[in-house]
Amino acid sequence: MKGLILKDLYAMGGLYRNTLFALAIVCVCLGLSIGAGGIAAATSVICATMIVTTFTLDEKCRWQGFSATLPVSRRDCVAAKYAVHLIYCLAGTAVGFIFALIINIFAKEKMALPDLSMSAVVGFILGMVFGFVVIPFMFKFGAEKARIIMMVIILLPTAAVFLLDGKAVSFVDRLALISPAILGAVTAAALVLAGVLSLAASIKIYGKKEF
């Protein structure tokens, strides 16, 4: 499976430089308006979307059909995608945290380091959840068709936050009353469960595909 992971990481090539440049532009243009915490979370989510590009590249070179001739199982092919997604989310979180630290230096209202770290963690969780939802659709419908679904996945939660506004703030305030240890444990367990269910769904979908 290591080779499958490296295949995706190397295939992106120069796109990493372009992504990093785009992130820097976002930080410069929006950093002072959305704050260091917003940058930390947004960067993680943006990097999480890179997994979609790996599917696009696979389709262009007809990788799935070729992989069927190789001595690798379909389960490994699916698991490799999730491993690559995890790598991108971790990298995005690290880069976002560094950008956030820089933005925080110039911000009028500076965030404490623990709060900044929490924003990065939230961004990581959101990025992982994005992948858990969109990857099965990528295996089912392909990258191009699934892009529409991806946009809906991004827009629906955003619209919900604006529509619920006060209720969302009240919900966050209630969460703040829960013990951080309990909240962290529940969140981690839910994230792992979501990942296992998503992986199982993708393996089932990909196992039935014909090339």
Close pairs from region 123-148: first in contact (Cβ under 8 Å) with a residue 40 or more places away in the chain, partner among the acidic types (Asp, Glu), Cβ under 9 Å, at least 6 apart: GLY142/GLU59; ALA143/ASP58; ALA143/GLU59; GLU144/GLU59
Tally of residues being in contact with a Ser or Thr (Cβ under 8 Å, 6 or more places away or on another chain) and within 9 Å of GLY131 (Cβ to Cβ) across region 70-91: 3
Any hit, region 141-164, residues being surrounded by 12 or more Cβ atoms within 10 Å (Cβ to Cβ), at pLDDT 80 or above and in a helix (DSSP H, G or I): yes
Helices (runs of 4 or more DSSP H) wholly inside region 1-118 containing at least 1 residues that are over 19 Å from ALA146 (Cα atoms), hydroxyl-bearing (Ser, Thr, Tyr) and at pLDDT below 80: 15-48, 63-67
Lone unmet requirement of (1) within 21 Å of PHE132 (Cα to Cα); (2) touching a Gly at 6+ places or on another chain (Cβ under 7 Å) for LEU4: (2)
Residue match in region 184-196 (condition: at pLDDT 75 or above, among the hydroxyl-bearing types (Ser, Thr, Tyr) and within 19 Å of TRP63 (Cα to Cα)): no
Near pairs, Cβ below 6 angstrom, 6+ apart or cross-chain, from region 75-100 (under 27 Å from LYS208 (Cα atoms)) to any residue that is buried (at least 22 other Cβ atoms within 10 Å of the Cβ) and of a type in the set (Ser, Thr, Tyr): VAL78/SER202
Yes/no for SER44 being under 30 Å from SER119 (Cβ atoms) and of a type in the set (Ser, Thr, Tyr): yes
Matching option when the condition is closer than 25 Å to GLY207 by Cα and of a type in the set (Ser, Thr, Tyr), among THR56, THR93, THR19, THR43: THR56
Where VAL84 falls short, out of the listed (1) loosely packed, with under 15 Cβ neighbours inside 10 Å; (2) closer than 22 Å to GLY207 by Cβ; (3) among the β-branched types (Val, Ile, Thr): (1)
Unmet criterion (only one of (1) in contact (Cβ under 8 Å) with a residue 24 or more places away in the chain; (2) of a type in the set (Phe, Trp, Tyr); (3) surrounded by fewer than 17 Cβ atoms within 10 Å (Cβ to Cβ)) for PHE66: (1)
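The values are calculated or read from the model by the stated rules, or taken from the named source; none is laboratory data. None of the values given here were measured: they were computed from a predicted structure. Cβ: placed from backbone, ideal geometry, glycine included. Neighbour counts: every protein chain shown.
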